Structure formats: structure tokens, C-alpha cells
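The values are calculated or read from the model by the stated rules, or taken from the named source; none is laboratory data. A quick note: this is a predicted structure, and the numbers were derived from the prediction, not measured. Counting neighbours? That spans all protein chains shown, and the Cβs are built from the backbone with ideal geometry, glycine included.
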Amino acid sequence: MIKLSRILYFVLPCMLSWAIAKAQPVRTWTVDASKPVADIQPTMWGIFFEDINFGADGGIYAELVKNRSFEFSSPLTGWTVKQKKFREGTVIVQNRQDTHTANPRYISVHVQQAAKGDLALINDGFRGMGVKKDIRYFFSLLYSQPVAAQIQLHISLIDSTGNVLGDTIFIPTIKDGNWHKQSASFLSHATCPKAKLRIDFMGDGYIRLDMVSLFPSDTWKGRPGGMRADMVQMLADLKPGFIRFPGGCIVEGRDLNNRYQWKKTIGPVEERQLIMNRWNVEFAHRSAPDYFQTFGLGFYEYFQLAEDIGASPLPILNCGMACQFNSAEVADMHQLDSYVQDALDLIEFANGDTTTTWGKVRASMGHSAPFHLKMMGVGNENWGPQYLERLDVFTKAIKNKYPYIKLINSSGTDPEGERFDFLNTALRKRNADLIDEHYYRRPEWFFANTSRYDHYPRNGSKVFAGEYAAHVNNATGPQDKSNWLAALAEAAFMTGMERNADVVQMASYAPLFAHAEGWQWAPDLIWTNNLSIYGTPSYYVQKLFSNNKGSKLLSINSSIGGTQRSDSLYASAVMDTVSGELILKMVNASARRQDCNFIIQGTGKCKDGKLTVLQSGDLKTTNSFEQPFNLLPKESIISLQKKGLQYAAPPYSLSVMRIKYIRGS
């Protein structure tokens, strides 16, 4: 016989759980669609791009050859010379700084009656080269050879054991001692994540080489020398309202010589002046001595990318201040003219008629139509009176010539404290168009600050949440990658930003990309390796908000027994006037299901809608290369009653409800 005590041991907990669940009150939410609170800007949710974590070179910029122009600090970084019989002076790095300041170095190769295998150059790529089966690869270089040279190059992609994945014979055709560009292509017959480029020299004579390049044919839109298609597609799928570029801290540089200068990033790629990426030396525990900026991805390509994915371009320019954490170097006020002129010239480059100086340059690069630039950032994370002093000069000059350009102003590095308070007060007195706020904090901070903007001034300066991410730890270790807890906290905070869309008009997560073997900062939105890509839980939160942006902000209020509920549920409501849908977003940050009743006022008849849920009962859930879709939104149909919707929000979830309504009924 089973003892009563044993029955009670099993049954009582079940009865208790049922009783607790039964006692949970139903939360009522009232959505008023009759009087929209504000317009939601097309720029509400966007993306922030910075060349960090090998996001550009070695990332979205599809060049496979590292140090193609021999301009790294160590000129042969990435290259290995292979000789069957060693000879001094076979490969020499030459410098012509006096005549070619943008691209001074090249190599001179002395080939002495060589057969295949006697002399070769091998390039490792960026942590290897990701090569795909049946994809064509385009090899090119700049070369110079004398009349007497009799040289052929055997170009091949090889795997780690030396097996050839694809190859071709390359014969430099012009022998006049001048520089020429030539290309060839070949197919790869196998996939390899860690391939290398091998150049075998055959024949006899001298040849000079520069800009040794290899691109896949399957770039975004098939553009020669273009971007990695899968990475761009991940951005396009976000449907971003804007793209902020090129950073980030690289705008400032470690000192002013290391700052980003947009004019050096346009024109022929061989004339773009490479610089050290500031993240090369920033983290001692994650050093990256091979991290440079070739600017193959330059300002023209950034504008083109924005146009491709339907996003407004948002360039950020140096304001005459280097990174204040590194050198705190500033340009003297009387030397600021060139910095200001760069800003004015950039607007002309983006928007000017083809008869203007910089509009003509844009047209010569293949884009005669303007890029429709409407906004620009002056400085990145700069602070103090020295920033305000320089900002005033920029603002006056830009507004006098281009009054329609909205300017983004920095509020420093943190969302609170003396530095923030000083800048926020001063910028609002100056009627700043948008104030850029950054928040890298633990998830608890994001949950606690969902009402941050409820009491901000409704008139005057607007907010650009330019960089934010919830950091579970300290952002510098592999354990710091975005997990579901971080993403859930961000989602809760985003409902607060959306509820205050009359104040917060732009927002973007940061950083954007990270290479699995080249990262220096975590968490990040999207992770890549040489062949694969996946979105983190934070990526899918961003996608759900951006893809369900709406056009009108609606009021949403909740109560239980006449009192406001605590902080485990967060919600926002918008209207898409084009599709005729109400869009409700709800975050349940508790470990239990929560029953809700939505009362919808001010619309005609509501019809059934679509429910999308991103949910996991484990807050440590992540995605990975092995399980890229471990956490993924799931869709279903929701049914409505006469004037409302009953919904049980799953534990630890973000729910998005799109409800069709019939206008005027």
C-alpha cells in the first residue's frame, strides 16, 4: 500500500503550482488607436558599422589577400617566400615614398631560370581564405617588367596539405617597364575554410608586383572587388532605417594621424592610403598586429551599401579630436578649417551636382545621381568643453551652407554622470538636432531603465541611441557573447525607446560584426568565420523591432485592480498605416507565463493576425556556428475577440503581434 504521505509528497506541489497559477491576475492593457501619439521616424531602427573584430578587411570586404600592397608595418606580413634553393635578394621590398605617398611599397622578384616549385609566394589570407566549390575566383595585380623578362606565374589556391583547389597560368603581357594591371580567373573544385594563395614564378628575369588581389565572384550584387554577399544580406534582412559609418572609435584614431580621413578612402583602390587600425593595439590580451585598414571599403562603398539596403547614410566625421582615452590630442582651433572643409566637401560628394568638384568625383566612380545625405555626425564619443568649442565651429559652417543637414552631437561615453550631464545640458541649450547617447551596461541596467525617456522633454533636441548592448560580463572574453538574457534586456529597453518615439528617433546596436578568430570585443550582433555566418539572439530582437517598426506611435497603458503592475512585463504599440495593422510588442522577463488582455480602442473591426515569438526558458541560450538557429522567432496565427485579444505571454519571451484592422468600420 502506498502511504498517504507519499501521495501528498507528489500531489501537493502540483496543487500548489495550480493554485499559484490560478491566483495570478490577468493584466489588462488598453491600446488607443484613435489618437496616435507621434510619428515614428523611418530612421527609428538602424545599424552601426565599425571596422572592429575584422568587420571590414577580413570581413564584409571580400578581398581574400592580406597585405596586398605590402604596406603593413612589417611589409611581408601575411606572405611567405618559398625557395627550393635559397638565393639572397630574390624578393626585395622597394619603397618609393617620394613619388607615391599613398602606396609607396611594392616587391621586386628576381626569377632565375625557375621551374614550377623553385620560387613561390604564399599568402595566408585573413586567418585563412574561405574558398567554395564551383565558385570562380578573380586574381589581379599591378606589375612592371622589362623587355627582356620571360616570366610566367602559376596562380593556385591550396589547402593545408598543399593540394590544389583551383589554378591558372598568368602571363604578364606588357614588357615596357611601366606599371600595368592584369587579371585572370579560375574555378575552385572544392570547399576549404583555410585555403592559401600560392604564386609560383617560372622563367627568367625581373618583375615588380603590387596590389596582389583575389576576390570571389559571388560578391554582393556580383560587383567586382565588392562585399561578401551573406554578410550584406544579413544587414538587408534587418530592413534598417539608417547605417552609421565608419565608426566608432576609428573615427577618432589613437592620435590625429591615425584618424579616419574620408578623402583618402575614395578613388582607385591602389591610391587609397592604408593606415593601422586602432584596434591593432587596443587590447593587450587580444593583440592584432595584422589589423590595418586598406579602405577598399571606403566612403563611396558605404554610401552605395546604404543605398543597396534602403538605409539612410549617416557618416560620422572627426571633429579635430583624437580618442580621449588614448592620447586626448586635439587640433588647435586655428587649424580646424581643414576638418570643417572635409565635412562640407563630404556633403558635396554625397549630394552635389556632377558639375561640382566633389560631385564630379562621385560621378567618376560610377554614381552620377546623388546619395541623398540628410544627416551627419560631428565627433564620436567626444566630451568636455573642448568638444563643445569645436562643435560650435562645425555647426555654424555646416548649417550656414547646408541648413537641411541634421547634425548628430556626442554626449560622451556614458549615459549618466557628470560628463553626460554637462554635455546633455549644454547641447540642449544649443538646440542640437540629435544627441548621441551610448549605453554598454549589464542587463539589469537595461531592465531598470525602460522608463528612461518617459520624462525627457518632448520638444527640442531628439535622442539618437547610437551604441548599446547588454554586457553579461565585461565584453572582452569568449563568455561575453550575446545570450538570451542580454537580448531580452535589450528588447525590454527597446519597448521603452519605442514608447517614446517622439523623443528617441534613431537607435542602433553595437558592435555589428565579429570574426570568430579575429574578434576583440564581445558581445556582437553577427558572428562570421571564413565561410559561415549567424545572428545572435540580439540580432533577432533587432530584426523583430525593425521589421515591425510601424509609422504611428500609440498609447498603451496597463493596470491590475487600478494599480500599475511591476517590471516583469514591458510593452509598446504602434500602427502601420500603410498595411493597416496594429503592432503590439511585449517582453515577458519573468520565469512564468503571464496572462494578458489587450483592449483595443479607436479602430474599426479588428481581424485575426500574426504572432511572432522569440523565446527560451534558458537565459544562457545562444546561437553558434554549429547551431545557428538554436534560438529563432516562430510564427503562428492569433485570434481576436470583439474588441480585444487575450494572450498568454510565455516566460522569458519577446512577442510581436500584428493585427489587421478594417478602417472606418
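Residues in the range 123-145 that are surrounded by fewer than 18 Cβ atoms within 10 Å (Cβ to Cβ) and in contact with a Phe, Trp or Tyr (Cβ under 6 Å, 6 or more places away or on another chain): PHE138 only. Against the condition under 36 Å from the mean Cα position of the chain (by Cα), within 30 Å of PRO146 (Cβ to Cβ), among the β-branched types (Val, Ile, Thr) and buried (at least 21 other Cβ atoms within 10 Å of the Cβ), how does VAL109 come out, does it pass? No: the conditions fail for VAL109. Every listed requirement among (1) farther than 30 Å from ILE40 by Cβ; (2) in contact (Cβ under 8 Å) with a residue 60 or more places away in the chain is met by PRO246 save one, (1).
For the range 229-261, taking the residues that are outside any helix (DSSP H, G or I) and either of a type in the set (A, V, I, L, M, F, W, C) or outside the structural domain of GLU381 (by TED's automatic domain parsing) (or both), the one that is surrounded by the most Cβ atoms within 10 Å (Cβ to Cβ) is identified as PHE245. Does the range 416-438 include one or more residues that are in contact (Cβ under 8 Å) with a residue 12 or more places away in the chain and in contact with a His (Cβ under 7 Å, 6 or more places away or on another chain)? Within the range 416-438, not a single residue is in contact (Cβ under 8 Å) with a residue 12 or more places away in the chain and in contact with a His (Cβ under 7 Å, 6 or more places away or on another chain). Working only within the range 262-288, note down all residues that are surrounded by fewer than 21 Cβ atoms within 10 Å (Cβ to Cβ) and assigned to a helix (DSSP H, G or I). Answer for the range 262-288, where residues must be surrounded by fewer than 21 Cβ atoms within 10 Å (Cβ to Cβ) and assigned to a helix (DSSP H, G or I): LYS263, LYS264, VAL269, GLU270, GLU271, ASN280, ALA284, HIS285, ARG286. Out of contact with any helix residue (DSSP H, G or I) (no Cβ under 7 Å at 6 or more places or on another chain), surrounded by 22 or more Cβ atoms within 10 Å (Cβ to Cβ) and β-branched (Val, Ile, Thr) - does that describe any residue in the range 408-430? Within the range 408-430, one or more residues are out of contact with any helix residue (DSSP H, G or I) (no Cβ under 7 Å at 6 or more places or on another chain), surrounded by 22 or more Cβ atoms within 10 Å (Cβ to Cβ) and β-branched (Val, Ile, Thr). For the range 530-550, filtered to residues that are in contact with a helix residue (DSSP H, G or I) (Cβ under 7 Å, 6 or more places away or on another chain) and assigned to a strand (DSSP E or B), the residue that is nearest to ALA489 (Cα to Cα) is GLY535. For the range 54-72, the tally of residues that are more than 25 Å from ASP524 (Cβ to Cβ) and either without any contact (Cβ under 8 Å) to a residue 60 or more places away in the chain or under 14 Å from the mean Cα position of the chain (by Cα) (or both) stands at 0.
If you go through the range 289-304 and keep only what is assigned to a loop (DSSP other than H, G, I, E, B), in contact (Cβ under 8 Å) with a residue 40 or more places away in the chain and either under 16 Å from the mean Cα position of the chain (by Cα) or over 16 Å from PHE126 (Cβ atoms) (or both), you end up with just LEU297.
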